[in-house]
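The values are calculated or read from the model by the stated rules, or taken from the named source; none is laboratory data. Keep in mind it's a predicted model, so treat the numbers as computed, not measured. Positions of Cβ are backbone-derived with ideal geometry, glycine not excepted, and every protein chain shown enters the neighbour counts. Note: accessible area is taken over every heavy atom of the protein model, side chains too, but ligands, DNA and RNA are not part of it. Shrake-Rupley method; radii C 1.70, N 1.55, O 1.52, S 1.80 Å.
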2 protein chains.
Amino acid sequence: MSTLVEQLLDTEAHRSIFETAVRQNPLPVCAAFGSSDQPQPVRFSNTSQVLGTKDADGVRAQFPQTVAASGNVVLSSAGASTARVTGKRVAVLFSGGPAAGGHNVVCGLKRVLGAGNTLFGVKAGPKGLLKGSLFEITDANVDFILNTGGFDFLGSDRTKIKSAEQFAQVRETCIKHNLDAIVVVGGDDSNTNAAVLAESLFSGVKADGSGVQVIGVPKTIDGDLQIPGLLSISFGFDTATRIYSEMVGNILQDTSSSLKYWHFVKLMGRSASHVALEVALQTKPAIALISEEIASKQESLASIIDRVARVIVERSHKGMNYGVLLAPEGLIEFIPEMNAMIAELNDVLAHHAAEFAALADDAKADFVGSRLSADNAALLASLPHYIVNMLLAERDSHGNLQVSLIPTEQLLIDMAKKRVKELDPAVPFAAHNHFLGYEGRCGAPTLFDAAYTFNLGLTAGSLILDGRTGYMATITGLSNGGTPQAIPLAGLLNIERRHGKDEFVIEKALVKMDSPAMKFFASRRDEWAAGDLFASPGPRQFWGPTTHQLPISVALNSGADSLMFRIG
Amino acid sequence: MSTLVEQLLDTEAHRSIFETAVRQNPLPVCAAFGSSDQPQPVRFSNTSQVLGTKDADGVRAQFPQTVAASGNVVLSSAGASTARVTGKRVAVLFSGGPAAGGHNVVCGLKRVLGAGNTLFGVKAGPKGLLKGSLFEITDANVDFILNTGGFDFLGSDRTKIKSAEQFAQVRETCIKHNLDAIVVVGGDDSNTNAAVLAESLFSGVKADGSGVQVIGVPKTIDGDLQIPGLLSISFGFDTATRIYSEMVGNILQDTSSSLKYWHFVKLMGRSASHVALEVALQTKPAIALISEEIASKQESLASIIDRVARVIVERSHKGMNYGVLLAPEGLIEFIPEMNAMIAELNDVLAHHAAEFAALADDAKADFVGSRLSADNAALLASLPHYIVNMLLAERDSHGNLQVSLIPTEQLLIDMAKKRVKELDPAVPFAAHNHFLGYEGRCGAPTLFDAAYTFNLGLTAGSLILDGRTGYMATITGLSNGGTPQAIPLAGLLNIERRHGKDEFVIEKALVKMDSPAMKFFASRRDEWAAGDLFASPGPRQFWGPTTHQLPISVALNSGADSLMFRIG
């Protein structure tokens, strides 16, 4: 066998040249953890900051034990642990969609728990916790997953632990494996679940009456888990937006090379437009739509299309028959009139379900149109047939429209084409559409995400060794060395009435119109539309001079004085 | 204004942190050019290798001057130039789709021509040569474009210079700008055009009776411009496949993290499957379809679908309800029965044009089906309606089906879903589709493409200073230091009879079944289908330990003994 073939066989199963090299990349740790070679656990003490929402009283009633223990006070690291805690049995699980850096959370946990404690991995997410699918994580495991992307070491799923039966199953798993603590790596929903679990497992789980600690770790590529001053960003956002930004930068470079295409790019991110805003700040395209701005200005679909078409026409008049438009995945739901029309549509469909189902496909639009208010009927009639079909298609199990299936990028292309022709029939408009989503969730973590998550793991493990429960780990001061802190989860909860029951939710952080990132974007976008001022941020680098970047929106919103992060 | 805002404004217009840093990256040059700081032109001498196709006689008759001058003999560098040539006026243009590294060809040209000669850029491709849109390229220009992606410094288009009027326009441009040479950066068609131009401009262009030299540079991300022993790969292929490989690697990591989706990925590359093969070798997915293999085995669509569905079912039975399939863009045309059916379809549509046009949309499939042979009618009936609609849609200006618009990835998903259900109704199959194309053409060139193209520019410039015409620049021995060589373009030409006229073509290099790359892939793919042996090649790196990689298929096919390239 040739040397080359042997080398190639060696790259199978997560052993590409890159993966092998990046595993060796050292990670900085916050000064609080001591040396990066041998990070040590920290203990925590109360800060003066108390959290609480408008629903604090209702939350306290439902979370009496965790709120009494934490007082909803933010914790901060307070020097090295004095006692050497051993014998703890800790389980870690991934919940929801994957995000880059999850593996390093596990590595940080394992490192700080050390040989004296045991770390278990829960297979395939919360479902694995219910089933008791646990395995012990070894040092060799963490050496192999360090700095690699994805959640594939454990797997993930979206099971929400809600029913009494499910809580009983979790208890059973805790007892069976004699667990002392669970670490939940997830987004807003999963951290809400962690808060509920912390309360449910607070005491009386084990034979001696003691409980099981629960700690959350803030993950989501959408970037909508943010707490001013305490959580600048969830992990995975940086890697995802850098991956999308490279692709958008490449496409921008293609537009001004080929000189004949527009590209309309939809970006993942269910509700908030943080991803679209960050990618816009990185790449400076001709147009970027921000859902929250459209909602706050009560902008109509026709007005959005007109705005887009005018940029296309103006660029064409300057000889630029090309450009890039960015649109957030959740756009449709943020256009007030679309939202209103969909709501009325849902009512009509619910009230005439049998009649509607009996109709021939091509009679459905007319049937519905004649039953909508005049405005909504006109709006429906203005949409391309494939969007109408989607709007009339089957609802999900909650009776809701499946918005994520709507090809927003194609809708914008088709409507813009029509409007461009009205404004100036001589303007050529040829467009391609893209959806950037799954490509961004499992890439190798940027050095920012890699270091951030490793330190989040060290923090979560320290919280466990310090006997804490019901907190979310965080690192503050990301451009200033980094400080391990802990956010009391119950202090973040709001109460929403759903299906006649109180549900607890951590509110999603949307893009704020008065945030520095949004204001900077708004101050530059007209220039970006008028000329070719775009930049190619390039692929994320793991060695060399460009490795230590913060997301631009995070740097702006946290008042940093440079684009570089500094941990340690 | 804050420091940070100032920093952000500084990143506009191609000045991202990455772009600013990568411009400073030094590039190695072949030993023949001397030091990389001050590369010097080389002269060339004949090798013993003479090129020629089966049509050599016919080509000689049409290219009497260039063939007489070159004898179709391959040239190799033969030491530093002895004479210092000055006063040459050289124009460079990009032709066809962009590919990473084009800018570095310009940089290499400028560097080797030096201050004593003048380099002009032709704006917007061959069309700019017809119009005479030229501008002088400065040292500051090349400092700014060095190592950046895209063709945007000049722009590009797809104009083919064919008519007597067009040739006259080119002559006019040459005279007006007093040009001595033209460098055409392009693919197989553009290099054919370069051969024709070289003959047409061989002599009698300028007042003193002298001609204008024409040199080609081999570009195309498709990788189908290859000449065994002389041209391992066209430039841009490495960057594009590395970009696609990162995305596919990320998606693979996502499949085994989320544990519930298949992803069917269509990869750019009009005819040949080199891109799909390279991405498969980089990432080791469950399934990769290679068009050339399907054609050579005369595989039917039903058989392909059955093969795919069996992998899906077998993986599911092992608990893996996920995976990745790669399909080349040109797949449909390589399935023999599809090709035959489309040919008969074209006949039917041509013979019944008026009747067909008068039909209602939903009557068209039946009308056509009843006029096809039984086999072709059955095949048509087996396809999803959106594919049938596409097959019955308007032809392009040559009467051909617009194959690139066919959503092959969705066709494969829908047909596989049906077949999976037949094989085992209990197997879940949820799939997403992707098309990776434009994202890969204009990324920053890998260090391989950056160094390769810079040296191709040095070679093209040296050929001009050495008085040569009708050659394509190449660098051989890419894992062995690199040697500047020149391929006589007329020696590559075949004659095809089209529309009653002889047309010259450089044959596209397809994937060969007996090539080392294909054989290695075939030897491993069953293992890749049976388990999760995938690798994430990661984003291309410009600093650090993983920068010097060759495309795997190029390393295998050229008999290299490692995956590393070595120039200089």
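Summary of values
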quantity	calculated
Test: residue in the stretch A:90-97 that is in contact with a strand residue (DSSP E or B) (Cβ under 8 Å, 6 or more places away or on another chain), buried (at least 19 other Cβ atoms within 10 Å of the Cβ) and β-branched (Val, Ile, Thr)	yes
Qualifying residue in the stretch B:432-449 (condition: surrounded by fewer than 23 Cβ atoms within 10 Å (Cβ to Cβ) and more than 30 Å from B:Ser232 (Cα to Cα))	yes
Considering residues of the stretch B:529-554 that are within 8 Å of another protein chain (Cβ to nearest Cβ) and not in a loop (DSSP other than H, G, I, E, B) only, the residue surrounded by the fewest Cβ atoms within 10 Å (Cβ to Cβ)	B:Gln549
Filter result for the condition that a residue is open to solvent by less than 30 Å² (accessible area, probe 1.4 Å) and either touching a Cys at 6+ places or on another chain (Cβ under 6 Å) or charged (D, E, K, R) (or both), over B:Lys110, B:Lys123	B:Lys110
In the stretch B:279-335, the residues that are acidic (Asp, Glu) and assigned to a helix (DSSP H, G or I)	B:Glu292, B:Glu293, B:Asp306, B:Glu314, B:Glu333
Where B:Arg540 falls short, out of the listed (1) of a type in the set (D, E, K, R); (2) closer than 30 Å to B:Phe44 by Cβ; (3) in contact with a Lys or Arg (Cβ under 8 Å, 6 or more places away or on another chain)	(2)
Where A:Lys519 falls short, out of the listed (1) surrounded by fewer than 16 Cβ atoms within 10 Å (Cβ to Cβ); (2) at the interface with chain B (Cβ under 7 Å from one of its Cβ atoms); (3) not polar (S, T, N, Q)	(2)
Hits in the stretch B:272-308 - residues which are in contact with a Gly (Cβ under 6 Å, 6 or more places away or on another chain) and within 10 Å of B:Leu331 (Cβ to Cβ)	B:Ser291
Residue within the stretch A:314-327 that is loosely packed, with under 14 Cβ neighbours inside 10 Å, on the phi < 0 side of the Ramachandran plot and at pLDDT 90 or above present	yes
Residues (open to solvent by less than 10 Å² (accessible area, probe 1.4 Å), within 13 Å of chain B (Cβ to nearest Cβ) and in a helix (DSSP H, G or I)) located in the stretch A:222-245	A:Thr239, A:Ala240, A:Ile243, A:Tyr244, A:Ser245
Residue identified as on the phi > 0 side of the Ramachandran plot, in contact (Cβ under 8 Å) with a residue 12 or more places away in the chain, open to solvent by 30 Å² or more (accessible area, probe 1.4 Å) and out of contact with any strand residue (DSSP E or B) (no Cβ under 6 Å at 6 or more places or on another chain) among B:Gly79, B:Gly116	B:Gly79
Residue pairs meeting the criteria (Cβ under 7 Å; at least 6 apart or on separate chains; first more than 18 Å from A:Asn117 (Cβ to Cβ), in the stretch A:170-197; second modelled with pLDDT under 95 and part of a helix (DSSP H, G or I))	none
Every residue from the stretch A:44-62 that is over 26 Å from the mean Cα position of the chain (by Cα) and not polar (S, T, N, Q)	A:Phe44, A:Asp57, A:Gly58, A:Arg60, A:Ala61
Number of the exception - A:Met268 against (1) within 14 Å of chain B (Cβ to nearest Cβ); (2) of a type in the set (A, V, I, L, M); (3) farther than 14 Å from A:Phe435 by Cα	(3)
Residue selected from the stretch A:406-431 under the condition open to solvent by 20 Å² or more (accessible area, probe 1.4 Å) and not in a helix (DSSP H, G or I), by the criterion farthest from A:Ile335 (Cα to Cα)	A:Ala426
Subset of the stretch A:471-507 (residues that are of a type in the set (Phe, Trp, Tyr) and surrounded by fewer than 24 Cβ atoms within 10 Å (Cβ to Cβ))	A:Phe504
Members of the stretch A:398-450 found to be among the charged types (D, E, K, R) and within 14 Å of chain B (Cβ to nearest Cβ), listed by number	A:Glu409, A:Glu439, A:Arg441, A:Asp449
Residue in the stretch B:180-200 that is assigned by TED's automatic domain parsing to the domain that holds B:Asp37, open to solvent by 50 Å² or more (accessible area, probe 1.4 Å) and not in a helix (DSSP H, G or I) present	no
Complete set of residues in the stretch B:293-313 that are open to solvent by 20 Å² or more (accessible area, probe 1.4 Å) and either closer than 20 Å to B:Arg525 by Cβ or of a type in the set (Phe, Trp, Tyr) (or both)	B:Ala295, B:Ser296, B:Lys297, B:Gln298, B:Glu299, B:Ser300, B:Ser303, B:Asp306, B:Arg307, B:Arg310, B:Val311
Conditions (1) open to solvent by less than 40 Å² (accessible area, probe 1.4 Å); (2) away from chain A (no Cβ under 14 Å); (3) out of contact with any strand residue (DSSP E or B) (no Cβ under 6 Å at 6 or more places or on another chain): number failed by B:Ala61	(1)
Selection within the stretch B:555-568 - open to solvent by less than 20 Å² (accessible area, probe 1.4 Å) and either within 7 Å of chain A (Cβ to nearest Cβ) or at positive phi (or both)	B:Ala555, B:Leu556, B:Ala560, B:Leu563
Conditions (1) outside the structural domain of A:Trp528 (by TED's automatic domain parsing); (2) free of Cβ contacts under 8 Å to residues at least 12 places away in the same chain; (3) crowded, with 24+ Cβ neighbours inside 10 Å: number failed by A:Val214	(2)
Matching helices (runs of 4 or more DSSP H) fully within the stretch B:336-389 where at least 2 residues are within 21 Å of B:Leu301 (Cβ to Cβ)	B:336-351, B:361-369, B:374-381
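One line per residue, one yes/no per condition, for (1) under 23 Å from A:Val85 (Cβ atoms); (2) among the small types (Gly, Ala, Ser); (3) away from chain B (no Cβ under 14 Å):
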residue	(1), (2), (3)
A:Ser2	no, yes, no
A:Glu19	no, no, no
A:Cys30	yes, no, yes
A:Pro41	yes, no, yes
